[in-house]
1. Somewhere in segment 194-209, is a residue assigned to a helix (DSSP H, G or I), over 21 Å from residue 144 (Cβ atoms) and either out of contact with any Cys (no Cβ under 8 Å at 6 or more places or on another chain) or open to solvent by less than 10 Å² (accessible area, probe 1.4 Å) (or both)?
2. Which of the residues belonging to segment 101-148 are in a helix (DSSP H, G or I), closer than 22 Å to residue 41 by Cα and in contact with a Ser or Thr (Cβ under 7 Å, 6 or more places away or on another chain)?
3. Check 171, 132 and return the single one that is touching a Lys or Arg at 6+ places or on another chain (Cβ under 8 Å), surrounded by 15 or more Cβ atoms within 10 Å (Cβ to Cβ) and β-branched (Val, Ile, Thr).
4. With the structure loaded, tell me whether residue 285 is open to solvent by 100 Å² or more (accessible area, probe 1.4 Å), more than 28 Å from residue 213 (Cα to Cα) and either part of a strand (DSSP E or B) or modelled with pLDDT of 95 or more (or both) or whether it fails that test.
5. Counting just the residues of segment 264-277 that are at pLDDT 95 or above and open to solvent by 40 Å² or more (accessible area, probe 1.4 Å), which one comes out farthest from residue 206 (Cα to Cα)?
6. Restricting attention to segment 90-100, and to residues there that are open to solvent by 30 Å² or more (accessible area, probe 1.4 Å) and part of a loop (DSSP other than H, G, I, E, B), which single residue is farthest from residue 62 (Cα to Cα)?
7. Suppose the filter is in contact with a Phe, Trp or Tyr (Cβ under 6 Å, 6 or more places away or on another chain), at negative phi and open to solvent by 20 Å² or more (accessible area, probe 1.4 Å); does residue 103 pass it?
8. State whether one or more residues within segment 45-59 are assigned to a loop (DSSP other than H, G, I, E, B), surrounded by fewer than 15 Cβ atoms within 10 Å (Cβ to Cβ) and free of Cβ contacts under 8 Å to residues at least 12 places away in the same chain.
Amino acid sequence: MTETSAAALDEQLRTLTGLLTAGSAEDREAACARLRRIADPADDEVRALVAPPLLALAEVERDARVLPGLVRALAATYDPRALPVLTGLAGHPEAEVRRAVAESLTALETERADGPDVAALLALAEDADPEVRAWAVFALGSQLTAYGPAIRAALHERLDDVDEDVVDEAVRGLARRQEGAVTELLAELLEDESDDPHPITLHAAAALGRAELLPALRELDADQPLVAAALAACDPERREQLAASAWQLVEALERLRPDLAAALCSERFSPDVDLLLPGAPDPARYSVPHLLRRAGEDPSRAASLVDEDLPVAATAP
């Protein structure tokens with residue numbers, strides 16, 4: 001951050017902090033919105049400056065018109081001190097406040113299935129307001145890293161929800177968590193969305209990777225990258241070919257560049273296969289399908305591309 005930009009930010013923060021202590025709810029709400037816009041794309045240094053005035057406001061703010069904006073602004077700081085503020089508001093009498101909490105909690109996730117963030121979302125998944133339930137189910141199924149029996153049970157329970165949006169989020173979430181029991185429901189959802197498939201539905205189909213989804217997926221536009229990825233993930237032959245090519249790529253790199261220490265990695269609940277290169281001067285990571293496409297599906301050529309991308313560091317004489 002330059003000296004000029006730091007001075008401008010400092011002036012903004014002084015002005016907005018003053019508004020946070022104003023008597024007008026409209027001013028406090030507007031200040032929260034502006035602080036959120038500052039924090040959201042910023043680096044940790046800036047977020048560390050934005051969080052304290054918001055945390056101070058959280059200790060005294062009671063106006064339901066201000067609280068949703070405050071919740072979202074605190075989440076944008078990613079400050080762990082904001083977590084108890086959000087979980088404390090999960091039972092607020094106003095649905096708009098509870099919805100803001102359901103939308104925002106994943107920004108502060110603990111990555112623990114027994115964490116306070118999960119406990120709050122499990123309660124919100126049973127909220128009287130359908131929008132709150134839908135946001136909580138979306139967070140539990142499609143956003144959180146953590147997973148466990150309580151989350152699984154909550155998602156299965158929402159399959160019988162009276163609200164269609166909540167059911168759809170539960171189907172997507174369980175599919176993303178690779179629960180095969182929702183294969184038929186996900187196929188029906190793909191058919192319902194055939195004119196404009198939801199990206200999360202396509203991600204869920206790719207994560208589930210069941211051949212039973214192929215008929216519905218083949219009715220979609222295969223030129224769309226997400227559709228193509230879901231088709232590839234659900235086709236057993238293409239999955240097998242990708243696995244074989246990925247290992248051939250690693251073996252080729254081991255021969256060509258053993259210094260890179262090539263390895264394969266796949267994130268939990270994701271169909272993506274990545275190439276990790278911890279031996280590179282700056283540890284590198286490639287998407288294996290993308291790399292193979294660059295190489296015309298030739299693993300040896302893909303290894304050569306990596307070699308070209310990451311030349312051996314020159315040694316001192």
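The values are calculated or read from the model by the stated rules, or taken from the named source; none is laboratory data. As the structure is a prediction and not an experimental result, all values here were calculated from the model. As a convention, Cβ positions derive from the backbone with ideal geometry for all residues, glycine included, and neighbour counts pool all protein chains shown. The protein model used for the area step is the full one, side chains on, heavy atoms only, and it has no ligands, DNA or RNA in it. Shrake-Rupley method; radii C 1.70, N 1.55, O 1.52, S 1.80 Å.
1. Step one: list which residues in segment 194-209 are assigned to a helix (DSSP H, G or I), which gives 199-208.
Filter once more, so that each one left must be over 21 Å from residue 144 (Cβ atoms): none.
No, that holds for no residue.
2. 139, 143
3. On the way: 171 fails: touching a Lys or Arg at 6+ places or on another chain (Cβ under 8 Å).
The conditions single out 132.
4. Details: open to solvent by 100 Å² or more (accessible area, probe 1.4 Å): yes; more than 28 Å from residue 213 (Cα to Cα): yes; either part of a strand (DSSP E or B) or modelled with pLDDT of 95 or more (or both): yes.
In short, yes.
5. Within segment 264-277, the match that is farthest from residue 206 (Cα to Cα) is 276.
6. 91
7. On the way: in contact with a Phe, Trp or Tyr (Cβ under 6 Å, 6 or more places away or on another chain): yes; at negative phi: yes; open to solvent by 20 Å² or more (accessible area, probe 1.4 Å): yes.
Spelling it out, residue 103 is indeed in contact with a Phe, Trp or Tyr (Cβ under 6 Å, 6 or more places away or on another chain), at negative phi and open to solvent by 20 Å² or more (accessible area, probe 1.4 Å).
8. Our first condition is that a residue be assigned to a loop (DSSP other than H, G, I, E, B); within segment 45-59, this holds for 59.
Subset that is surrounded by fewer than 15 Cβ atoms within 10 Å (Cβ to Cβ): 59.
Among the residues that remain, those that are also free of Cβ contacts under 8 Å to residues at least 12 places away in the same chain are: 59.
Yes - at least one qualifying residue is present in segment 45-59.
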